[in-house]
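J.: One structure is given below, represented as C-alpha cells, and several questions about it will come after.
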Amino acid sequence: MRTILQQGAEAAIYLDKKQKLILKDRIKKSYRIPELDNRIRKQRTKSEIKLLEKASKIISAPLPKASKDINKIEMPFIQGKKLSESLDSFPLKEQKEICKKVGQEIAKLHASDLIHGDLTTSNMILTKDNEIFFIDFGLGYISKKIEDKAVDLHLLRQALEAKHFQNWETLLEHVLKAYEKTLGKEEAKKVFERIASIEKRGRYRH
C-alpha cells in the first residue's frame, strides 16, 4: 500500500511501506503538448537518476533502483527525520557538529562539480546513527562554475536563517568552516567571495 508523503508542483512522493521504497512520480502538465511533456518529464527523471547515482558514490544519498517507468524514480526509504524538523531539538553543541557534517558533504559534492540546486534542511535526512542523507536532486546539475556552487551555499544560508533563526549565524559558520577544510582554502575562498557578491546583488536589487 502506498501513502502520499508530499505533493509538489513537479512531482508526487509516495511511500511503499511494505517494500520500504520511495516512489517519485513526475506530474503531467496539462498546459504542455503531450509529446513535449513526456519528453521533458523523461529527460528530468533521467537526469535526476544520474545525479543520484553519482551523489551516492560521494556522500550519503539514496541510490535509485532500476525501473521500467521513464517518469518514475524508485529509491530506498531512508529511516530518519528531516533536518528541518529535528535540528533545533538538539543542544547547540550537537547542532554545530551536524552542521560541520553538512558542510563536509556539500564540499564533497562541489569537488565533483555536482550542484544540488535546492540545498535546504528539508532536503536532508538525519538518521539515528547521525548520518546525513541528501535527498531530492530534482533541480540538480553538473557545473564547474564558482557562481553555481556559491548559489548552492547561498540557498542553504537562506534556509538556515528562515528555519533555524535562533542560531543560524553560528550554524552557517560551522557549515562554511567544514566546507573550507574539506574543499581546500583556495577553492573555498573563490566560492565565499562569490557568495558575498550574490548577497550584495540581492540587497541592492529593486
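The values are calculated or read from the model by the stated rules, or taken from the named source; none is laboratory data. None of the values given here were measured: they were computed from a predicted structure. Cβ: placed from backbone, ideal geometry, glycine included. Neighbour counts: every protein chain shown.
J.: Taking the range 84-119 on its own, how many of its residues are outside any helix (DSSP H, G or I) and either surrounded by 17 or more Cβ atoms within 10 Å (Cβ to Cβ) or outside the structural domain of residue 155 (by TED's automatic domain parsing) (or both)?
T.: Final tally of qualifying residues: 6.
J.: Looking only at the range 1-51, count every residue that is surrounded by 13 or more Cβ atoms within 10 Å (Cβ to Cβ), of a type in the set (Lys, Arg) and part of a loop (DSSP other than H, G, I, E, B) and tell me the total.
T.: Matching residues across the range 1-51 total 2.
J.: When residue 175 is evaluated against the numbered criteria (1) crowded, with 21+ Cβ neighbours inside 10 Å; (2) part of a loop (DSSP other than H, G, I, E, B); (3) not basic (Lys, Arg), which criterion, by number, is the only one it fails?
T.: Evaluating residue 175 over (1) crowded, with 21+ Cβ neighbours inside 10 Å; (2) part of a loop (DSSP other than H, G, I, E, B); (3) not basic (Lys, Arg) leaves (2) as the failure.
J.: Still on this structure: Of the residues 14, 31, which single one is without any contact (Cβ under 8 Å) to a residue 24 or more places away in the chain and either closer than 27 Å to residue 105 by Cβ or assigned by TED's automatic domain parsing to the domain that holds residue 135 (or both)?
T.: 14
J.: On to the next question. Select from the range 52-72 the residues that are crowded, with 17+ Cβ neighbours inside 10 Å, modelled with pLDDT of 95 or more and either in contact with a Lys or Arg (Cβ under 6 Å, 6 or more places away or on another chain) or part of a strand (DSSP E or B) (or both) and list them in ascending order.
T.: Listed by number, the list holds a single entry, 59.
J.: Would it be correct to say that residue 143 is in contact with a Leu (Cβ under 9 Å, 6 or more places away or on another chain) and either under 24 Å from residue 57 (Cα atoms) or outside the structural domain of residue 14 (by TED's automatic domain parsing) (or both)?
T.: yes
J.: Please enumerate the residues belonging to the range 184-196 that are loosely packed, with under 14 Cβ neighbours inside 10 Å and either aliphatic (A, V, I, L, M) or at pLDDT below 95 (or both).
T.: Matches in the range 184-196: 196 only.
J.: Kindly indicate whether residue 122 is within 22 Å of residue 49 (Cβ to Cβ) and either over 11 Å from the mean Cα position of the chain (by Cα) or surrounded by fewer than 16 Cβ atoms within 10 Å (Cβ to Cβ) (or both).
T.: no
J.: Exactly one of these conditions fails for residue 181: (1) crowded, with 18+ Cβ neighbours inside 10 Å; (2) at negative phi. Give me its number.
T.: Condition not satisfied by residue 181: (1).
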